[in-house]
Amino acid sequence: MSAEYTTFGLAPAMRPGGVLANGDYQVHRDFVDFVVDGCPLLFQLSDLDAVSPLASDVPPAIFTAQVRSLLLETEAPLPAGRYIVYGCPECADLACGAVTAVIERDGEDFIWRDFAWQTDEHADLELNGYHGIGPFRFRGTEYRAALASLLEADREGTGPGERRRVLLIGARVALLAKLAAALRTIGIGADIAQDADGVPAGELRGYGAVVFGRSVPDAQRTAVREAFTAAGLEVPFVEAFAPIVPLLVAQTEHALDNRPLEQRRLTALTSTEGAAELDVTSSCRVTLTAYRIDRLSRTHTHDVFDAILPPGHHRILIDPKALKGTAYLVARTAGTVLTAPANH
């Protein structure tokens, strides 16, 4: 098969969870994405909410089986030598739809070809094929080394299998309890504490972020930061914008995303008077939600934008009513969530 060589790599990725404006929950998923010629393969699928089979929350035996399957050490799970490349982030059921491809060997090389959207055992390439993607020819040594490194990391306990946890610091227990419940619902562990005094470094190491309630005194915040520093840990510290659970969940997801900018679909969100400004790295669907608090401390939610945007810088006009009072913005794609206060 004639196909130019392309590089193959792997990179941590995430599908951020959240409490959506309509009240639905979206599950958080950490996974390993495929990087082809330096760019996440998922970015070539402009509006796809999906994860690879190499997800962090699957049992180790299943994770290992998925890696060995991609190494062609087992039979293809679908007819005609087809493998699932990306699947439903909520249930991983083929009936929900999946991106599949034929994976085969050609001498020492591995080839991925005939990408298609598939909802049952057989793919219709003419109707549902991704005709602009692939074929990709990967050098066998590079391909095997990348996937084998996942197995080695999994054996050493440094792989993607650790569940994310966050530490919630504050005195408003009722609000923090609601936030913790929401985070746990979407797959993020959460613990509530007044401070981090006396917590062993090994326990602190289990947290990917710290969220400070708005009423936490500066001295207490400093003490928590110093506890993590003393343990030799660097984690993001989130300053809660407002007592709005969906907004706080989005802030937490934003903080947990430590990928390089080139591996994110949204890289910047700022607000100017009457508008939001976004930087998009690849074509994708973007939703924008405004949360505001009025003079009576009531919360209002406004869905202000929902459309597919091409790469580049975008300025989106917003109805001033949505930003009246104290307001905040949440921008989402299938793989990124950003938050920002609204400027007036």
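The values are calculated or read from the model by the stated rules, or taken from the named source; none is laboratory data. This one's a predicted model, so the numbers in the text were calculated from it and none came from an experiment. Neighbour counts are summed over all protein chains in view; Cβ atoms, including those assigned to glycine, are modelled from backbone coordinates with ideal geometry. Heavy atoms of the whole protein, side chains included, go into the accessibility calculation; ligands, DNA and RNA do not. Shrake-Rupley method; radii C 1.70, N 1.55, O 1.52, S 1.80 Å.
What the table below lists for this structure:
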{"read-out": "Flag if Asp49 is touching a residue at least 40 places away in the same chain (Cβ under 8 Å), open to solvent by 30 Å² or more (accessible area, probe 1.4 Å) and either under 20 Å from Leu150 (Cβ atoms) or within 11 Å of the chain's Cα centre (by Cα) (or both)", "value": "yes"}
{"read-out": "Any strands (runs of 3 or more DSSP E) falling wholly within the stretch 189-269 and containing at least 2 residues that are open to solvent by 30 Å² or more (accessible area, probe 1.4 Å)", "value": "189-193, 237-239"}
{"read-out": "Residue match in the stretch 84-95 (condition: modelled with pLDDT of 90 or more and either farther than 30 Å from Ala255 by Cβ or open to solvent by 60 Å² or more (accessible area, probe 1.4 Å) (or both))", "value": "yes"}
{"read-out": "Matching residues, the stretch 319-344, being without any contact (Cβ under 8 Å) to a residue 60 or more places away in the chain and within 26 Å of Val238 (Cα to Cα)", "value": "Ala322, Leu323, Lys324, Gly325, Ala327"}
{"read-out": "Qualifying residue in the stretch 119-138 (condition: charged (D, E, K, R), modelled with pLDDT of 90 or more, over 21 Å from Ile244 (Cβ atoms) and buried (at least 16 other Cβ atoms within 10 Å of the Cβ))", "value": "yes"}
{"read-out": "Residue count for the stretch 300-344, restricted to those that are under 26 Å from the mean Cα position of the chain (by Cα) and basic (Lys, Arg)", "value": "2"}
{"read-out": "Matching residues, the stretch 325-344, being part of a loop (DSSP other than H, G, I, E, B), aliphatic (A, V, I, L, M) and more than 26 Å from Arg29 (Cα to Cα)", "value": "Ala342"}
{"read-out": "Those residues of the stretch 31-76 which are acidic (Asp, Glu) and in a loop (DSSP other than H, G, I, E, B), in sequence order", "value": "Asp37, Asp47, Asp49, Asp57, Glu73, Glu75"}
{"read-out": "Residue tally, condition more than 13 Å from Ala98 (Cα to Cα), not small (Gly, Ala, Ser) and not in a loop (DSSP other than H, G, I, E, B), over the stretch 113-156", "value": "19"}
{"read-out": "The stretch 285-324, residues that are surrounded by 15 or more Cβ atoms within 10 Å (Cβ to Cβ) and part of a loop (DSSP other than H, G, I, E, B)", "value": "Ile318, Lys324"}
